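Engineer: Dropping the structure in here first, questions after.
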Amino acid sequence: MQSDTKLTQAPNVIFKNKIYQMFTILGSTKKYEVFIPVDYYAKLQKENIQVKYKQNNKVIKKTLSLTIVDGKYKKNEIISVPNGKVVLSKKNKIRSKKEYDIVYKKVYSVINRKDYIKKSNFRMPLQAKITSAFGNARVYNGKTKSYHSGSDFRAKTGTKIYASNDGRVALVMNRFYLGNVIYIDHGRGAYSYYCHLNSFNVKENQLIRKGDLIAFSGATGRITGPHLHYAVRLYNTTVDPLQFGSLYNRIIKEYY
């Protein structure tokens with residue numbers, strides 16, 4: 001967004017009843033940007049976005065429109081795992097629920113508007129072949145259970161994993177499905193996370209820089225073999241991590 005005159009405060013964007021804060025470009029009081037996530041299950045239709053800002057002590061609202069289009073994701077990715085990883089026992093259901101509650105409290109519900117990354121572009125957590133893309137519908141043992149919420153990289157156990165950008169380590173834990181996982185808070189409502197790890201090289205609340213060695217890949221959690229599952233959540237919505245990184249880097253290149 002670009003304003004013709006200086007704004008007294010950063011604009012907000014309202015989309016589907018959620019408020020997203022815009023950030024200045026190069027410290028300007030006239031140029032702002034924001035990334036708005038669209039849910040995987042969103043209807044393919046036109047939607048309105050409201051931009052709200054204050055100019056000369058007057059609140060101004062403008063309505064824009066966008067069209068949500070089909071991501072054209074692969075429909076059936078066949079995966080075979082032990083049945084206990086698909087049909088959970090009572091014990092594992094309780095465990096999975098407790099783990100989710102911890103992550104929700106420390107990550108999913110925490111929208112940190114601090115800007116850790118500033119002008120730093122995103123990098124890959126490792127250089128390797130992608131074996132499964134974001135958005136694929138996953139069929140576990142003959143049952144469609146979910147869509148793939150990240151990108152899988154081929155990585156034998158012990159492969160070095162690097163932080164995709166600057167941030168703060170929000171959570172380090174072991175989860176039933178994701179195995180050993182690290183969540184990094186990049187600010188601006190964005191988190192990246194790294195799953196199925198063999199071991200960690202960081203601690204919670206540690207400030208890190210892009211390219212820091214954070215972990216070693218492994219085969220923990222619900223897996224068919226060792227690999228890295230890399231994912232991004234933006235304002236508590238799972239988005240394509242590679243698309244997000246590419247779009248953010250384009251903004252950096254164009255304006256910074």
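Nothing in this text is a laboratory measurement; each read-out follows from the coordinates by a stated rule. Since we're looking at a predicted model, the values are computed, not measured. Backbone-built Cβ (ideal geometry, glycine too); neighbour counts: all protein chains shown.
Engineer: With an 8 Å cut-off on Cα pairs and a minimum separation of 6 or more residues, tell me the relative contact order of segment 46-132 in percent. Walk me through the numbers on the way to the answer.
Structural biologist: Working: 32 pairs, mean separation 13.9, N = 87.
Computed over segment 46-132, the figure is 16 percent.
Engineer: Run the numbers for residue 56 and residue 113: contour at 0.36 nm per residue of separation, minus the present Cα-Cα distance, in nm.
Structural biologist: 18.0 nm
Engineer: I need the shape label for segment 204-256. Rule: rounded when a/c is under 1.5, else prolate if a/b > b/c, else oblate, with a, b, c from the alpha carbon gyration tensor.
Structural biologist: On the way: a/c = 2.13, a/b = 1.58, b/c = 1.35.
Prolate, since a/c reaches 1.5 and a/b exceeds b/c.
Engineer: Additional query: From zero outward in steps of 10 Å, how is the percent of C-alpha pairs of the chain spread across the bins?
Structural biologist: Histogramming the chain at 10 Å steps yields 7, 27, 34, 21, 8, 2, 0 percent.
Engineer: Okay, next question. Measuring from label point to label point, each 7 Å out along Cα→Cβ, what is the residue 124 to residue 237 span in nm?
Structural biologist: 2.7 nm
Engineer: Sorted by average packing, counted as other Cβ atoms within 10 angstrom per residue and highest first, what order do 116-125, 54-63 take?
Structural biologist: 116-125, 54-63
Engineer: Subtract the Cα-Cα distance of residue 104 and residue 206 from 0.36 nm times their separation in residues, and report this length gain in nm to one decimal.
Structural biologist: Roughly 34.8 nm would be gained on extension.
Engineer: So, one more: Mind ordering 188-197, 99-108, 222-231 by average Cβ neighbours within 10 Å, highest first?
Structural biologist: The most tightly packed comes first, giving 188-197, 222-231, 99-108.
Engineer: Of 31/118; 114/203; 16/118; 16/61; 16/119; 16/52, which ones are farther than 22 Å apart at the Cα?
Structural biologist: From 31/118; 114/203; 16/118; 16/61; 16/119; 16/52, over 22 Å: 16/118; 16/119.
Engineer: Quick one: which of 171-179, 201-209 comes out on top by average Cβ neighbours within 10 Å, and what's the full order, highest first? Walk me through the numbers on the way to the answer.
Structural biologist: Details: 171-179: 18.3, 201-209: 13.6.
Ranked by mean Cβ neighbours within 10 Å, highest first: 171-179, 201-209.
Engineer: Please report the relative contact order for the chain, taking Cα pairs under 8 Å with a sequence separation of at least 6, and give it as a percent rounded to a whole number. Don't skip to the answer; put the middle values down first.
Structural biologist: On the way: 573 pairs, mean separation 46.0, N = 256.
Normalised by residue count, the contact order of the chain is 18 percent.
Engineer: So, one more: If we count every other residue with Cβ under 10 angstrom of residue 65's Cβ, Lys/Arg +1 and Asp/Glu -1, where does the sum land?
Structural biologist: On the way: positive: 46; negative: 47.
Computed value for this residue: 0.
Engineer: In a shell of Cβ-Cβ distance under 10 Å around residue 52, excluding residue 52 itself, what net charge do Lys and Arg (+1) and Asp and Glu (-1) give?
Structural biologist: Cβ neighbours under 10 Å give a net charge of +3.
Engineer: Report, in debye and to the nearest 20, how large the dipole of the chain comes out about its Cα centre when Lys and Arg carry +1 and Asp and Glu carry -1 on their Cβ.
Structural biologist: 460 debye
Engineer: With charges set only on the Cβ (+1 for Lys and Arg, -1 for Asp and Glu), what does the dipole of segment 12-67 come to about its Cα centre, in debye to the nearest 20?
Structural biologist: Around 300 debye, computed over segment 12-67.
Engineer: When you have a sec, figure out the Kirkwood radius of segment 51-182 from all distinct Cα pair distances and drop it here in Å to one decimal?
Structural biologist: Numbers: mean 1/r = 0.0527 Å⁻¹.
Value: 19.0 Å, from the Cα pair sum.
Engineer: Tell me, how many Å apart are the Cα centres for segment 178-227 and for segment 92-122?
Structural biologist: Result: 12 Å between the Cα centres.
Engineer: Can you pull the one-decimal nm distance between simple spin-label points at residue 16 and residue 199, each 7 Å off the Cα toward Cβ?
Structural biologist: 4.1 nm
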